[in-house]
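Just so it is clear, none of the values below were taken in a lab; they were calculated from the coordinates. The structure displayed is predicted, hence computed values, not measured ones. Cβ sites come from the backbone with ideal geometry, for glycine too, and all protein chains shown count toward neighbours.
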Amino acid sequence: MSSPVPAATLSALVGAHLLDAPLAALAWVLAERGVPVLVAGRDPATVASLLDALVGALPADRRPDAAAPGETGRLVRVAGTLAADSPPDVFRAALAAATGRSGFAAAIDADDLSGVFGVLARLGLSDDAASFLGVVLVVERRPEAGGEARVVAAHYLRPLVRDAGGHPRRQRPAVLATWEPAGDGWEDFAWGIVPDLAERTRMRAGDLEAERERRAAVLSGQAHGRSVG
């Protein structure tokens, strides 16, 4: 029998081994800097818990607030879960409300990155438009983990760019991290695209790495009951 979904804080999810502190810290920084985050999976409670944790980690003036709909700096979160049969108007309205500063967050009913693109296509979003949606965290319950949920893959959708002649240059999504069943841990690949992430977040690469390390230390300390100075 699987364990219940823990309280929706990033440190609690790190402590529950849903993801590790470095990946949680990176997702936290990116979301706070306005990079959209999608969480995909077939376990609605765990997917919602991870989204809740990321939203809850944002500064108060960046969290969604129905009482202040005119504030463009607040993250836009799609209510419920996006699936192939979801009303496209809900998704389009959320996208239209999002800005580069506010960011965007949604749950997707899909097994993997390919499934995410499939759902987005059914909602009317082309692959080129989807390339601007930032981070995709894929949650799955695996037998190798005793049926417990893990973020089995984290991807970064690299935005479409155009060359000097206006021709599109498409880049394949990058892998930020993958869960490795043998050691029940995560292999980090984000180091390979730090310059891309720094440009997207409007940070210097060194500052982004330092902030990620600082937050990872905080999350790890909280998850294991240690104080971090």
- Highest-MSF residue in the chain out of G183, G73, G124 [GNM, Cα springs under 10 Å]: G183
- Task: State whether the stretch 13-160 is rounded, prolate or oblate according to the following rule on the C-alpha gyration tensor (a ≥ b ≥ c being the square roots of its eigenvalues): a/c under 1.5 gives rounded; otherwise a/b larger than b/c gives prolate, and the remaining case gives oblate.
- Result: oblate
- Query: What is the dipole size for the stretch 88-136, taken about its Cα centre, with +1 at each Lys and Arg Cβ and -1 at each Asp and Glu Cβ, in debye to the nearest 20?
  - Reply: 260
- Item | Expected 222 nm ellipticity per residue - DSSP helices of 4 or more, -39500 (n - 2.57), all of the chain, to 500 | -11000 deg cm²/dmol
- Once A97 and R170 are pulled to full extension, the length gained, defined as 0.36 nm per residue separation minus their Cα-Cα distance, is 23.8 nm
- What is the extension gain from A205 to A121, computed as 0.36 nm multiplied by their sequence separation minus the C-alpha to C-alpha distance, in nm to one decimal? 27.0 nm
- Query: Taking the chain as a Gaussian network, Cα atoms linked when under 10 Å apart, which of R33, R215, R142 shows the biggest mean-square fluctuation?
  - Reply: R142
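Could you list F189, F104, F132 so that the one with the fewest beta carbons within 10 Å of its beta carbon is first and the one with the most is last?
If I rank by nearby Cβ atoms, fewest first, I get F189, F132, F104.
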- Item | Exposure proxy order (Cβ contacts within 10 Å, fewest to most) of W191, W28 | W191, W28
- Note on the structure: One finds, for D111 and W191 with R0 = 30 angstrom and r their Cβ-Cβ distance, a FRET efficiency to the nearest 0.05 of 0.65
